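The structure appears right after this line, and notes come after that.
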Amino acid sequence: MSTSYLQLINLNKKFGKFVVLNDISLTINKGELICFLGPSGCGKTTLLRIIAGLEKQSSGMIIQGDKNISFASPADRNYGIVFQSYALFPNLTIADNVAYGLVNRKYTKESIKKRVAELLQVVGLPDSGSKYPSQMSGGQQQRIALARALAASPDLLLLDEPLSALDATVRQHLRNEICNLQKQLGLTTIMVTHDQEEALSMADRVVVMNHGTIEQVGSPMEVYSNPASPFVADFIGKVNCLDAVVSDGNAFKCGDLTLQIPQQQHFNKGDKVKLYLRPEDTIIEPSSIDGHNHCTGRIKHIEFFGSNCIAELSVDHLANQSIQLQLSLNQVYDLKVKQGETLTFTVRPERIMVFPL
Ligand code: ATP
């Protein structure tokens with residue numbers, strides 16, 4: 001069973017009159033990796049800085065275990081922090097950078113040396129102690145920043161967009177390394193990111209934020225498959241959004257087409273709704289068929305993503321609304337899918353998401 005490590009209770013933050021965080025409440029469990037995910041300016045970094053004690057909340061409380069730490073100094077919180085910009089001291093060697101947080105904590109020279117060697121080993125750079133930051137690549141510098149954050153055995157690790165300055169390959173490696181290390185150490189970790197792929201691939205739970213509020217908290221699978229709001233559906237992954245009118249509790253008129261879902265919804269006949277549908281939630285049919293949820297469209301263009309493609313279709317029966325479908329590369333070859341050709345598909349009823357307008 002998960003145990004609560006940190007509780008954020010009704011946190012608010014204003015800069016002057018500008019509300020940056022609005023009534024944030026959240027429990028962070030011991031040993032989990034939690035990601036704050038949201039668009040630029042939604043308040044992720046401010047929330048992380050309040051947790052770190054680098055910024056004061058305007059109101060609300062932070063409870064760690066059974067202690068109220070709402071006004072504790074950053075030093076008293078014993079949290080390790082890694083920023084996007086590495087923030088290494090250019091005039092200090094790598095070993096001195098990693099040791100920096102230990103020097104004022106009454107460690108002996110010998111124990112500092114041992115701890116630094118241990119940490120450089122952990123982050124895969126055992127021979128770099130005598131080098132300077134300028135001699136290291138971006139990915140290596142971020143590993144050093146991670147080693148420095150871990151040096152004083154923090155209770156909580158805070159990562160503020162740690163990977164966003166790195167190129168795609170290095171980012172992918174470091175993602176895996178951070179996850180492995182975090183699980184190995186059982187270290188409760190909060191990471192801020194605006195990159196949905198990063199959050200979905202790394203987090204135990206994702207906190208989706210928008211305009212200073214929490215829209216949804218859930219596992220990566222939950223926030224992707226069962227988004228709580230149109231914002232979450234739209235922000236995480238690709239999604240088609242179709243205008244429709246309720247014709248029955250579980251049937252919706254979208255242009256000439258009736259789209260059915262398995263469960264009754266609490267809408268009235270004639271209500272306007274938005275239907276959300278992921279590009280992968282359709283079945284490509286070899287030939288045209290009649291009935292609900294079946295449709296034919298003309299391919300406007302095809303975007304290639306390696307093993308997958310996204311085909312954008314203009315569909316007459318959907319009142320000319322466009323729809324994006326995901327196809328495997330094999331389907332593209334087998335069905336001879338080409339721009340200008342028609343494609344028939346069935347929308348999976350159980351995957352249609354309905355939101356009021
Ligand atoms: P990004 O992904 O771009 O870093 P974010 O979600 O982390 O965005 P924050 O950095 O927390 O967002 O900023 C939230 C809002 O608060 C922004 O509109 C920002 O301009 C504002 N803000 C942040 N710090 C201050 C400050 N010290 N004074 C005034 N406004 C601030």
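Restricting the search to strands (runs of 3 or more DSSP E) fully inside segment 249-357 and requiring at least 2 residues that are touching an Asp or Glu at 6+ places or on another chain (Cβ under 8 Å) gives 272-277, 294-305, 308-314, 322-328, 342-347. Take residue 339 and decide whether it is of a type outside the set (A, V, I, L, M), surrounded by 14 or more Cβ atoms within 10 Å (Cβ to Cβ) and either in contact (Cβ under 8 Å) with a residue 24 or more places away in the chain or out of contact with any helix residue (DSSP H, G or I) (no Cβ under 8 Å at 6 or more places or on another chain) (or both). It is false that residue 339 is of a type outside the set (A, V, I, L, M), surrounded by 14 or more Cβ atoms within 10 Å (Cβ to Cβ) and either in contact (Cβ under 8 Å) with a residue 24 or more places away in the chain or out of contact with any helix residue (DSSP H, G or I) (no Cβ under 8 Å at 6 or more places or on another chain) (or both).
Inspect segment 29-36 for any residue being within 16 Å of the ligand (Cβ to nearest atom), of a type outside the set (Val, Ile, Thr) and at pLDDT below 95 and give the result as yes or no. Looking through segment 29-36, none of the residues is within 16 Å of the ligand (Cβ to nearest atom), of a type outside the set (Val, Ile, Thr) and at pLDDT below 95.
On the stretch given as segment 88-125, residues that are hydrophobic (A, V, I, L, M, F, W, C) and within 20 Å of residue 138 (Cβ to Cβ) total 11. Where residues in segment 14-28 are within 15 Å of the ligand (Cβ to nearest atom) and either without any contact (Cβ under 8 Å) to a residue 12 or more places away in the chain or among the charged types (D, E, K, R) (or both), which of them is nearest to residue 205 (Cα to Cα)? For segment 14-28, the residue satisfying everything is 14. Considering only segment 44-61, state which residues are more than 8 Å from the ligand (Cβ to nearest atom) and within 14 Å of residue 23 (Cβ to Cβ). Listed by number, the residues that qualify are 50, 57, 58, 59, 60, 61.
Among all positions in segment 130-137, there is no residue which is closer than 30 Å to residue 215 by Cα and of a type in the set (A, V, I, L, M).
The set of residues from segment 143-173 being surrounded by fewer than 17 Cβ atoms within 10 Å (Cβ to Cβ) and within 16 Å of the ligand (Cβ to nearest atom) comprises 164, 165.
The values are calculated or read from the model by the stated rules, or taken from the named source; none is laboratory data. None of the values given here were measured: they were computed from a predicted structure. All Cβ positions, even for glycine, are placed from backbone atoms using ideal geometry, and neighbour counts span all protein chains on display.
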